[in-house]
1. Quick one: which residue in A618, A567 is within 33 Å of the chain's Cα centre (by Cα), modelled with pLDDT of 95 or more, of a type in the set (A, V, I, L, M) and part of a loop (DSSP other than H, G, I, E, B)?
2. If you check M193 against the conditions, is it assigned to a helix (DSSP H, G or I), within 16 Å of the ligand (Cβ to nearest atom), over 30 Å from G387 (Cβ atoms) and under 36 Å from the mean Cα position of the chain (by Cα)?
3. From the list F271, F184, which one is more than 16 Å from the ligand (Cβ to nearest atom) and hydrophobic (A, V, I, L, M, F, W, C)?
4. Of the conditions (1) under 28 Å from E668 (Cα atoms); (2) within 16 Å of the ligand (Cβ to nearest atom); (3) of a type in the set (A, V, I, L, M, F, W, C), A312 clears all except one; give me its number.
5. What residue, among those in the range 683-726 that are touching a Leu at 6+ places or on another chain (Cβ under 7 Å) and assigned to a loop (DSSP other than H, G, I, E, B), is farthest from P349 (Cα to Cα)?
6. Scan the range 204-215 and tell me whether some residue there is within 22 Å of V174 (Cβ to Cβ) and more than 16 Å from the ligand (Cβ to nearest atom).
7. Identify, from the list R250, R256, the residue that is outside any loop (DSSP other than H, G, I, E, B), within 32 Å of the chain's Cα centre (by Cα) and within 16 Å of the ligand (Cβ to nearest atom).
8. Considering only residues of the range 317-351 that are in contact with a Phe, Trp or Tyr (Cβ under 7 Å, 6 or more places away or on another chain) and assigned to a helix (DSSP H, G or I), which is nearest to L455 (Cα to Cα)?
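The values are calculated or read from the model by the stated rules, or taken from the named source; none is laboratory data. Since this is a predicted model, take the numbers as computed values, not measurements. FYI the Cβ positions are ideal-geometry reconstructions off the backbone, even for glycines, and counts take in every protein chain you see.
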Amino acid sequence: MLNRRTFLKTGAAVVPVSAALSAIHPSQALSAELAAGAIAGGPVPRLIPLPSRLAPVDAAAEPWQRKIRRVAQSNMTEHDPAVMNIEEWADYWHAAKADIVFISVTGILAFYPSKVKFHKWGKFLHGRDFFGECVTAAKKRGMRAVARMSPDLNWPDALAAHPEWAMRFKDGSVQHNTQEPKLFKTCMFSSYMDDYVPAIMREINSRYDIDCFYTNGWPPLGSLPDCHCAICSKLPPSGTPAYWRVFNDRVLELWRKYDAIAKEKRPENFFFSNLGSNVRCAPDLNRIGAIAQWFQADNQGRSFSTPAIWEASLQGRVCTAVMDGKFATNVTGAYSTGTVTWRNSSKDPAETRIWLSESIASGMAPYMHFVGSEDGFCEDRRWQKTGADYFRWTAQHDSHLKGRRSIANIGVVMGQSTQLLYPGPSTVHNRHAYMHETTQGIYDALLRGRFAFDLVHEDRLEPERLKGYSALLLPNIAMLSDRQCQQIRDYVRSGGSILASFETSLYDENLKPRSDFGFADLLGIHKAGDVIGTNGNAYYARIQQPDAANPHPILEGFTNTNWLAGAENRIPLESVPDPLLTVVPGFVRYPPELAYPPVSHTDKPAVVVRETGSSRIAYFPGDIERTYWLTGNSDLLRLLHNTIRWLTRDESIVHVEGPGFIEMLCWETSPGYAVHLLNYTNPNAVHGWLESIHPIGPQTVSIKLPSDVRVKSVDLLHAGQSVHFSLEDRVLRFTVPRVEEYEVAAITVA
Ligand SMILES: [Zn+2]
C-alpha cells in the first residue's frame, strides 16, 4: 500500500487530502477535474525504461490453443443425461462467447456407450451417447471441445479383476474415496494408467471430433501420493526428494504417452492435466512447463486456510514463471467454493468476478466452472448472468487483455522443492503451513509496496532469465543445489541485488542440511547455531545507528524507538562488523513481571547488508516474511519495503501512485501495454467472499517507454473511457480517476 508519507507528498498537490481519502467510499463523488481524466501525481518517479518491444505475433503460426480467450465448463454429473438440456447448455456458452467447452468422457463413469472394460456406464445413460451429443452441439456453434477424463477412481468390479490397480495403505488394505467408499483410488504407477486410460482415449479418438484430452484428479496437486502397493513399496518413501524425482519421472512419462495418443487423432491435438496449488504444486513445474501446451490451474476459490484474495493471481504468476508464454487458465468456481462447499449453488458475483479478473491480470484466460445441470440448466442460475456479462466484456477487448510479456523489475524465487519437501523449523507447531505463510507474507508485502514482480522457479535461474530483474528475493528458499547457489552468485556478480532470509540455502536439493549457508561468501555471514524459536516474547532488533539524522535507507522512518520487532524464528549468526540491527534475544511474555530482556545488548546481527560492485545484498536471519503474515506487524512491513527499495535503488518499472490496497500487474500486449489494477480495498480481502465493492480514487501511472514508441491512446476498459496522457522524455503518465473492482488501462502505441 502507498505509504502515507509518500501519498501526502505526491497526491496532495492535486487533490485535497480529504477528498482523496474519502474517495475510497463509493458514495463520494470524485472531483470533476479528475473524473475528466486530468493527470494527477507528484514528481516523476525514478523509472527503469521498458525493453524494446517484441516482434509482432505471426497469428498464422500461432497454435490454436493460444488463441483461446474464454474457457467454459459445466461439470457433468451422472444425473445430467437425465436432466440437462443440451441445447440450452450450448446456447448459453455460445452466447457468452466461450471458445472451448469441457465435456465429460470420465473414466469413473462413461458418458457415452463405452466398450472399454470397467468403464461403467452412468446409471442414467441408458445407452445414450450423451458425450457425443454435447460435442455435436458445441461444434455446431463453433466451439472447440475438451474431452475430460478422470483416471483417479474406479469401482469394485475393476478392483476384483485388477487388485494391482489400487493404491494401498501400509497394512496392504485398499485406499478408498472417503465420500463414496465404493470407489477405490487408482495407483498412478500401475497398469491402470498404461492400459485402461489409453483404451478410453483411443475409443474417444475413434468416435468423436475432439480437440484435446484433459485428466481431472491426476496428477495430485498440493501433496505427493502415499501408496504402498507392490510397485510403490519398492520406491523411495513418499515426501522425500528421491520420491519426488520418481514421481515426476512417472508424471512426465504418462503425460508424453497421453499426448502422443491425442496426436494420433490430429497433430495439433494434445493432452493436458489438472495442475494448481500455485507454488506448492506437486508435479515439478519446471519440467511440466517445458512440455505443457495448456496449464490448467485448479484454483477455484478461497478456503478457510487459503483466505487471501490474491490466490488466483498468485497462481497466474506461477504459470508465467514456467510456461514461457504458452496458454494458461485458472478455473473460477462460480459455485460456492470454500472449506464447506455447495457445488450446485452460486457464489457472490463480486467474488466470482475478482477471480476472473485476477486470472486475466496475471496472464491467464478466464474460465467459468459450475457443477451439474439439474432442472434443465441448473436449479441455481445466478452465476449465469455473472459469467455471461463478464465473458462478453472481455470479448470486446481480447487484444488488450492478452499479455505477451510481463513487465517487472523484481524476481521472487518460488522454491517449489522447498514448498513441497522442506518440513519447516522444528520450533513451530503447524509446520505444514510454514511455507504457505512465508509466501503469503512476501506476497502481501510486495502488493502493499506496489512493486512490479514476477515469480522465478529455482530451476530457471539462468542469466538469460534473470537479466531483466534488478533484484531477486529469496524468502526462506531453504533448498538450493550447489549449482543454484552458483547461479545466484553469478547473478550478483553480473550486477543483480538479492534479499535472502532465514534458512535460505541451508539445505541442498536432497534436503541435506549444510553446515553453513550455500552462499555464505556472498551474504558475508556464517551460521552460528540451530534455529531459535520464540518462547513467549519474540526477539527484537536493536537499531545500531551511528548517525540517527542520516539513517541507512533500510532504517528510514523508524523514529522514537531503540528497537524493532524481530521475527518468530531466527538463525543465530556469527558477529559481523558494524551491524545495522542487532539481536535482543527473546524472553518471557507471561507473567509480565518477567517480560524484560535479561540480555538487552548483543553484537549478533539481525540484518546484514552489503554492497559489492553495483550489487546490493541484504540478509535477514529471522523469518520476517512469515512473521509479518502472522502478525501484520508494520515494523516488519516497513523493513521489507525499505530493503526492497534500497536493493532496487528506489527505481520502478511501472509506478502506480494513489490510495487503497491494490494488486498491480503490467503486460506488453500486441497493441501496446496494459496496466491492470485489482482493487483489494475491501473488508473481505483476507477472509470470506467479496460482497460489495469499495471504489478507490485516482491512481497515477508512470512508465518509461522505449525510445521509438509513440502513444496513440490510453483507454480504461472497465470504465469505458479514454484518459488524457502526457509523454515527456519517454515518460508516459496518466491518471485513472477511479477504480471500482478492476480496471485495465490499455495503452495503444504506434
Ligand atoms: Zn502404488
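1. Working: A618 fails: part of a loop (DSSP other than H, G, I, E, B).
Criteria check complete, one pass: A567.
2. It is true that M193 is assigned to a helix (DSSP H, G or I), within 16 Å of the ligand (Cβ to nearest atom), over 30 Å from G387 (Cβ atoms) and under 36 Å from the mean Cα position of the chain (by Cα).
3. Numbers: F184 fails: more than 16 Å from the ligand (Cβ to nearest atom).
That would be F271, the only listed residue that is more than 16 Å from the ligand (Cβ to nearest atom) and hydrophobic (A, V, I, L, M, F, W, C).
4. For A312, the failing item is (2).
5. Pass one, the range 683-726, residues touching a Leu at 6+ places or on another chain (Cβ under 7 Å): 684, 697-699, 702-706, 711, 723, 725.
Keeping just the survivors that are assigned to a loop (DSSP other than H, G, I, E, B) gives 684, 697-698, 705-706, 723.
Numbers: N684: 14, G697: 22, P698: 25, L705: 37, P706: 39, V723: 28 Å.
That would be P706.
6. Just the residues of the range 204-215 that are within 22 Å of V174 (Cβ to Cβ), to begin with: 215.
Adding the requirement that they be more than 16 Å from the ligand (Cβ to nearest atom) leaves 215.
Within the range 204-215, one or more residues are within 22 Å of V174 (Cβ to Cβ) and more than 16 Å from the ligand (Cβ to nearest atom).
7. Numbers: R256 fails: within 16 Å of the ligand (Cβ to nearest atom).
Within the list R250, R256, the selection yields R250.
8. C319
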